[in-house]
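Please treat every number below as a calculation from the coordinates, not as lab data. Being a predicted model, the structure only gives us computed values, none of them experimental. Cβ coordinates were reconstructed from backbone atoms using ideal geometry, including for glycine residues, and neighbour counts include every protein chain displayed.
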Amino acid sequence: MLKIKTILGILAAIALLLPTNQPSVKANPTSSENSPPTEQPKSIYQQAKEELPEDFYALYRILERIARANKLDEKPWRIVIVPEYNINAFATDVNLIAIYNGILEQLTGDASAIACIVAHEMGHHIKKHIALSPSEKVALIEQIQQEAQREALAKKQNAQAQATGMSIGRSAARIFGGRVGRFGAAILGNASRQRSKVAQERIDEIVAQKKEELEQTLAEEARQREFEADEVGYLYSAKAGFEAEGCLRAMKVFGQTPSAEFDTTHPTVPKRIEAFKDLMVKFPATSLAEEGGALISETKPLTYSLSKDRASLRVNSSRGSSSTDDVERLFGQ
């Protein structure tokens, strides 16, 4: 018995002297400490910045915000950058906006000025201000010519009546064979030709006059449409939170073009600047930004699609970019 107790004591002493290699165990271990950190999903804006060319990314962020701030996100929008160094932009087709390289370069670093231009072109679409196509203009000129011909028809008919009289006069000359008969027929013939000539000249005058009136009317309407689009552009961009003065800075760039000081199809730049200043007083930008900010907070960012040739950018509507996805959302896969 004593030997057993002695042996157990010796073993216990040896165990205390030996080093321990057992790992320490922490209380309540968490799974995150044992697994690699997970990468946060990228936002749509981060993804766009990586995927899109720089100019398209800026235009996407600008147009996407304007659309959401003004309830213009029910339909998609498309932007094309025209590879020409020109200080210009225009609206065409359906919700298509074309912006020239020149204006983008001149306004580099000024998102608010670019936003005013983009919103201006969006305004043309909303107001249905699409310019008259060349074929439509030709059709109008043809209509003018037809109206001029009808207007001068009475003169032609008179000339034809005189031609009939000339024929009668010639018959009289043959019957009477006299000098008086031949002289009368010559007078009638000359009068008939003169009346026909006058009638055609009158038609040409009417056509030229009406064409000039058409050009003046179209130019006047175009100038009025520009003022309307300027107002919409200011309201849209200010609601989206861009600087109101951006519109004035954009106008200063347009003021460098040769026709800036003359009323053509666009009003003069000084007139447009004064109109913008009046709008800034009438509709303070801070109030507009609050209104638009509330709409933005209620909506999700819009997706985008770049064309295969990378020539145009589509900012999708609030319904997304895929009808297939929407069908599956409604009815499942």
- Taking amide H positions as placed 1.01 Å from N in the peptide plane, with prolines and chain starts having none, which residues 5 or more places from V82, or on another chain, fall under 5 Å of its amide H? I99, Y100, N101
- Order of M122, M251, M280 under a 10 Å beta carbon neighbour criterion, fewest first: M280, M251, M122
- Given the pairs K42/K75; K75/K252; K75/K308; K75/K128; K49/K128, which are separated by over 23 angstrom at their Cα positions? K42/K75; K75/K252; K49/K128
- Query: Among all the aspartates and glutamates, which ones have a C-alpha under 18 Å from K282's C-alpha, if same-chain residues fewer than 8 places away are not counted?
  - Reply: E228, D230, E231, E243, E245, E274, E290, E291
- Message: If you wrap a convex hull around the alpha carbons of region 256-319, what volume per residue comes out, as a whole number of Å³?
- Response: 173 Å³
- So what is the relative contact order for region 69-123, in percent, with contacts set as C-alpha pairs under 8 Å and at least six apart? 30 percent
